[in-house]
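Just below is one structure, and these are the notes that go with it.
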């Protein structure tokens, strides 16, 4: 079995070439190509139904692509699926541990299946698992959402995979736990583990080395978060006002305004042109517009709307 | 208006214990009619337990609450009849068509058949789902499902609708459209009681409470909360409070 390697001798974490996949005639992935380097923390963002989960399932050898090829850690996902499965960890979007086994039993089970012991790789999961320790005799089905997620991550890591696949690991998780989770992903990356993670939270996309934006089964762009933000084609203004829903409606009707969106305590406004921005601001001097650096969420909304039209 | 008419939710030292564990610990608050009330907290802080009590699904260990004028412990059935509910996990039947789901839920809540027919068309037009009338719900993208689920939850014009993480996993554009639906419902006078993990959404609420370890640690308008915590945004407020938590 030959393994394809990069200059340093290590195979890339993920290589996809022209992958197509349809379900009953409905296209899920169209001509998808992608390369993720070893040790990269790579984010996948896109609306529901854009093909993210299908891509995960192909890369983890759970379903075959209709055409095209994919390799993970140098292993072909179809031909070498046995070797691949020992080298990867997968945390699916839906909780899929054994609800009738306890926390400790689930972990033990996954370690045994992968021919290792909990003790051998405990250092990888220590931080997460410590928080589960008081509940180790509780059945997995009885855990709260946050704890289920921690157990699922522990089980996906216990055999020290080379590549970790995480399908929306933080959906339904509170902001503090999310931050802790991402700090841990950083540390796993520093241990040399490559990570492909999908997320609906745009602030998390910022924490990735690179992000791919998916829509309708295609990849629209692959960039670093900084590149993506730098490429936003227009000036973007932040407007802090009371009664934001009312202002939103008013701004959307204004001919000078290209788009206006709610962003928490403020609105983000893009004008059709610099001249329009100037005209509008001159006519409404009371409104305090501040030019800002676009956020990933601005870029996402812009790209989605552009391709939708 | 006296307080009884004005406040559609009143919780007084509402408590729920499971054995030695106090999931919800003497919470007191009230929600005014037509208000958008954000019910925030970390995972495990007690939000779901509190919400289940307010919906008449579980009895308090001590304390009391009135929802839509009914006592949650003594009149849970009346409570249920006067509220709407949707959660991220379950709100529609996947194997039923879009129109069948509407009919089923509206029927359960006692909406008249003629009214159901008229309002179904109106609702689907409003959501841009007219062409999906006969589609099975499982074939809809998550964002559409959530918008439909919300419309179903308020179809019978309840006085209050409880939304448990309605935008979890939903993309940024759909999330914003969802909040416009919430806003419209509130303008029609429906009180909104909503949980979310998106802190930007906390800003769209009239008032926000933040639960920590079973108790309400803060309750105010987003503006006042930001001011009193000297925070730039609600995310900062939340982090400062939730970090004090001692349990999960």
Exercise for review: Take every DSSP beta bridge whose two residues both sit in chain A, then give the antiparallel share in percent to the nearest 5.
Suggested key: 65
Exercise for review: Give the residues of segment A:269-309 whose amide nitrogen is closer than 15 Å to a point set 7 Å from the Cα of residue A:221 in the direction of its Cβ.
Suggested key: A:293-308
Review point. Dimensions of the protein assembly as shown along principal axes (Cα, Å, largest first)?
Key: 79, 66, 52
Practice item. At 0.36 nm per residue, minus the direct Cα-Cα distance, what do residue A:186 and residue A:67 gain on full extension? Give it in nm, one decimal, please. Key: 39.5 nm
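Using r as the Cβ-Cβ distance of residue B:13 and residue A:20, and R0 as 56 Å, what FRET efficiency do you calculate, to the nearest 0.05?
The formula returns an efficiency of 0.40 here.
Shielding by partners for A:168-181, please: the mean number of other protein chain Cβ atoms within 10 Å of each residue's Cβ.
5
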Check your understanding: Across chain A, how large is the tail of the calculated P(r) beyond 27 Å, expressed as a percent of all Cα pairs?
Key -> 50
Point to revise | Exercise: per-residue mean of other protein chain Cβ atoms within 10 Å, B:198-208 | key: 3
Revision key, fill the gap. Shielding of A:298-305 by other chains, given as the mean Cβ count within 10 Å, works out to 2
Exercise for review: Report, to the nearest 10°, how far helix A:122-132 tilts away from the longest principal axis of the Cα atoms in chain A, using its own Cα long axis and a range of 0 to 90°.
Suggested key: 70
Practice item. Just need log10 I(q)/I(0) for chain B at q = 0.12 Å⁻¹, Debye formula, equal scatterers on the alpha-carbon atoms, no solvent, rounded to two decimals. Key: -0.70
**Study point:** Between helix A:274-283 and chain A: long-axis angle, C-alpha atoms, 0 to 90°, nearest 10
**Key:** 60
**Study point:** DSSP bridge pairs, the protein assembly as shown: antiparallel proportion in percent, nearest 5
**Key:** 60
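Rule-based calculations on the coordinates, nothing more; no lab input. Owing to the predicted nature of the structure, the values given are computational and were not obtained by experimental measurement. Cβ coordinates were reconstructed from backbone atoms using ideal geometry, including for glycine residues, and neighbour counts include every protein chain displayed.
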